[in-house]
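The values are calculated or read from the model by the stated rules, or taken from the named source; none is laboratory data. Since the model is a prediction, treat every value here as computed from it, not as a measurement. In this analysis, Cβ positions are derived from the backbone assuming ideal geometry, glycine residues included, and neighbour counts consider all displayed protein chains. What goes into the accessible areas is simple: the full protein's heavy atoms, side chains included, and nothing from ligands, DNA or RNA. Shrake-Rupley method; radii C 1.70, N 1.55, O 1.52, S 1.80 Å.
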Amino acid sequence: MLTFLSVVFAAVIFEYSNGFHDAANAIATVVSTKVLTPRQAIAMAAFFNLTGALLGGAVASTIGQGLVDTDVVTMSTVLCAVVAAFAWNITTWWFGLPSSSSHALIGGLCGAAVATARGNWSVIKWNAGVWPKVIVPMITSPFAGFIFGALLMFLLFVALHRFTPYLVQSLFGKLQIFSAAWMAHSHGSNDAQKTMGIIALALFTGTKAGNFDHLPGWLGFLKTPTFALPAWVIGLCAATMAVGTAAGGWRIIRTLGHRMVKLQPVHGFAAETSAALIIQAASYYGIPLSTTHVISTSIMGVGAVKRFSGMKWTVVERIIWAWFFTLPASGLMGYALARAALAF
């Protein structure tokens, strides 16, 4: 029971860090274009992250039972996975790098599972889970974000070239509020569910191992003989994500909203709308997408259409390296932690 409580505590801390780490995904552009103040933007993002987190469960199911063999996973495996993901989140947040919380959690889970299975890599569901729902989207979603962002920006340029700058600024200053809200909602519908899946996996694992057999009757709700997503888990993760978002993520906001390219409301609208559309579709099909990858590359696509030479490619290079190292680094940390746990 103590291990389970540690898992829930670590998962809540990770979800909180996910909120302030990825808050910038939804609000970096709306802050940098000065459509909303930072305080207004964070309040809006917190609310719509909450609404997104309360809807659906396909992504949670993928994380909880679609990536590794649940027969091998123990409570300790889950705890090591969450701790590894949290450590990577904090490291990249400190350096202001918009890395993927999703891939950090997935990497931590896979690494910890391999360690628990004593180095048996077959514990990872490569063909049915990791390859189609993690690796392929990890490669294609950044390209989709760049292409969709660039295409929408190009179409807006064509449609609005006869309008005065004042009218465009005024119109998209209002529209960007809606695009930022949609981006926050889609982020909640995808990212918050990953931690829900981890807690649901811990509940299922604990029930299967008999960890909850001797608990008093009023704790009977913890027993989940089949993998399921209890209402209390949904509510806990949704609320934690919202609170974490309210804490803000100023380091990453500066990287996404200011350092890559100078944005105006029409550019922010194009980037947010493109990213939100891709993320919402992924959530529907249970794909644990990196919301960070998508919004970052959408901003890149918009910036490239605006003025290719205006992109600060040295910043882009740092972001790409952070993406590249997230899965192996968090996987290695998860593996090391799980091996250490087995030694005790």
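Charge dipole of segment 123-259 (Cα centre as origin; +1 on each Lys and Arg Cβ, -1 on each Asp and Glu Cβ, all else neutral): 280 debye, rounded to the nearest 20.
So for segment 66-172, considering every pair of alpha-carbon atoms, how many percent are separated by more than 25 Å? So the portion of pairs separated by more than 25 Å is 45 percent. Taking Cα atoms only, the orientation of helix 165-209 departs from the longest principal axis of the chain by about 10 degrees. Among the lysines of the chain, pairs at least eight places apart or on separate chains and with Cα atoms under 18 Å apart come to 8. Global dimensions of segment 118-232 from alpha-carbon coordinates: Rg and Dmax equal 23.2, 73 Å.
Taking 7 Å steps out from each Cα toward its Cβ at residue 5 and residue 128 produces label points 3.5 nm apart. Relative to the longest principal axis of the Cα atoms of the chain, the long axis of helix 136-160 lies at roughly 20 degrees.
Considering only 301, 56, 334, the mean-square fluctuation computed in a Gaussian network model of the chain, springs between alpha carbons under 10 angstrom, is largest for 56. Compactness of segment 1-106 is given as radius of gyration and Dmax, 15.8, 51 Å, from Cα positions. Averaged over its residues, the chain has an accessible area of 41 Å² per residue, based on protein heavy atoms and a 1.4 Å probe. Please compute, over every Cα-Cα pair in segment 70-129, the percentage with a separation greater than 20 angstrom. Every Cα pair in segment 70-129 considered, those over 20 Å come to 29 percent.
Principal semi-axes of the equivalent ellipsoid, √(5λ) from the alpha carbon gyration tensor of the chain, are 37, 20, 16 Å from largest down.
Between residue 151 and residue 39, the modelled label-to-label distance comes to 4.1 nm, taking each label 7 Å out from Cα in the direction of the beta carbon.
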